[in-house]
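Reviewing the structure listed below.
Just so you know, all these numbers are worked out from the coordinates, no wet-lab data involved. Remember, it's a predicted structure, so these values are computed and weren't measured experimentally. Don't worry about glycine lacking a Cβ; one is built from the backbone with ideal geometry, like all the others, and counts go over all protein chains shown.
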Ligand SMILES: Cc1ncc(COP(=O)(O)O)c(C=O)c1O
């Protein structure tokens with residue numbers, strides 16, 4: 001195995017770069033999730049990625065299960081994607097007008113995504129969510145948005161509530177959750193029209209809808225909770241949510257920023273047989289480049305025409321990003337989506353290996369997963385099914401200790417228990433074998 005032994009593990013260059021970076025970049029980077037809150041003393045500075053592997057500035061090699069926060073369904077520097085990016089760059093990055101590649105990728109999305117009657121491109125998941133909430137308010141003439149506890153939809157003011165884990169005593173009663181903003185500096189009225197409801201709880205949803213008759217423009221939900229580890233929907237929950245929303249004239253927005261092109265070619269829509277009014281995409285769509293999109297019913301999306309509902313963006317439908325998207329979608333869906341099957345089988349194998357390891361070691365931990373997305377949760381519970389259970393029963397510090405220890409054994413998973421890991425087309429059975437061995441050593445070292 002190419003990864004170094006513990007004795008040789010040294011991150012001195014990362015430490016030096018961090019000291020330098022700290023003088024000019026806040027917390028040495030460009031997002032709090034990449035700083036000391038997650039990484040301990042300092043983050044590891046990566047230099048190069050290839051396939052399933054990352055290489056840091058000290059020459060350490062890691063099996064990467066984080067994969068760019070889920071942005072790399074084909075792994076690092078996939079040759080087809082790399083070539084497509086080079087072609088896009090070599091023929092000009094931006095023409096300030098419509099382009100054929102934009103049309104082509106939109107047509108591809110229409111083929112792959114069940115509800116994509118029409119498509120609009122953006123750059124990030126946050127931007128896509130901002131646009132679709134505005135669309136929902138405009139097309140229904142209603143002011144309020146309903147979101148769920150523990151769901152993250154980007155860093156836009158209107159949805160920055162209850163997306164971080166909090167002490168259970170701070171959450172209030174489930175029928176009337178205390179709304180604690182996730183950030184300072186929000187627009188003073190940003191959350192006035194945001195209703196927060198526990199997920200996987202149809203009774204609470206129904207009550208909240210009845211308490212705001214004719215006021216709710218949209219219900220926005222992740223298809224799988226992917227920002228509190230991995231929490232799947234209960235059987236039939238999303239279908240019932242969809243029915244309830246329809247019944248009350250509320251738009252159903254499915255945020256597939258994480259799940260799109262990962263759990264099935266057509267995402268949660270296909271996997272759970274849903275028909276949302278609007279769906280948002282990001283992450284995997286650009287195979288590492290910032291490409292996002294929202295798609296849905298022409299009747300709703302049509303309000304974007306002539307800026308009736310305004311959505312601008314200098315970099316919308318970036319040519320280089322769309323070259324990556326076309327190559328990525330092409331490869332992922334080739335041979336009837338054979339790669340999805342391959343990824344799923346590897347994820348099955350990995351998850352059962354981890355579960356068996358925890359059982360053998362007597363470690364109180366479970367693996368929660370949907371398709372290729374998984375997270376280890378240190379808990380005495382058999383299952384975590386919502387945000388409140390996550391806040392109350394999951395030992396996040398213990399997970400972080402495991403993750404940071406795994407770095408020493410050449411395995412790179414997110415040190416934040418709220419995030420998750422992802423099996424991609426670049427991973428192999430050998431990666432799984434090495435990772436399980438590293439996990440066993442890490443569990444033994446941590447005691
Ligand atoms: C479900 C979901 N929606 C939206 C976003 C925001 O996407 P971005 O980071 O591209 O702005 C994220 C980011 O993690 C996400 O997980």
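Model label points for residue 180 and residue 210, set 7 angstrom from Cα along the Cα-to-Cβ axis, are 3.0 nm apart. Fewest neighbouring Cβ atoms within 10 Å first, the residues 291, 161 line up as 161, 291. With both residues required to sit in the chain, DSSP beta bridges show an antiparallel share near 65%. When the helices of the chain are scored as -39500 (n - 2.57) per DSSP H run of n ≥ 4 and the total is divided over every residue, the value at 222 nm lands at -12000 deg cm²/dmol. Volume per residue of the convex hull around the Cα atoms, evaluated for segment 110-160, comes out as 111 Å³.
For a test of the definition: using alpha carbon positions, the gyration tensor, and the 1.5 limit on a/c, classify the chain as rounded, prolate or oblate. Here the chain falls in the oblate category. Across segment 67-133, the fraction of Cα-Cα pairs farther apart than 13 Å, rounded to a whole number, is 76%.
With the cut-off at under 17 Å, measuring from each backbone N in segment 429-447 to a point 7 Å along the Cα-to-Cβ line of residue 361 picks out 432-447.
Could you tell me how far the Cα centroid of segment 405-447 sits from the Cα centroid of segment 294-345, in Å? Measuring centre to centre over Cα atoms gives 31 Å. With no solvent and one equal point scatterer placed on each C-alpha of segment 79-331, evaluate the Debye formula and give log10 I(q)/I(0) for q = 0.14 Å⁻¹, two decimals. Taking Cα atoms of segment 79-331 as identical point scatterers yields -0.91.
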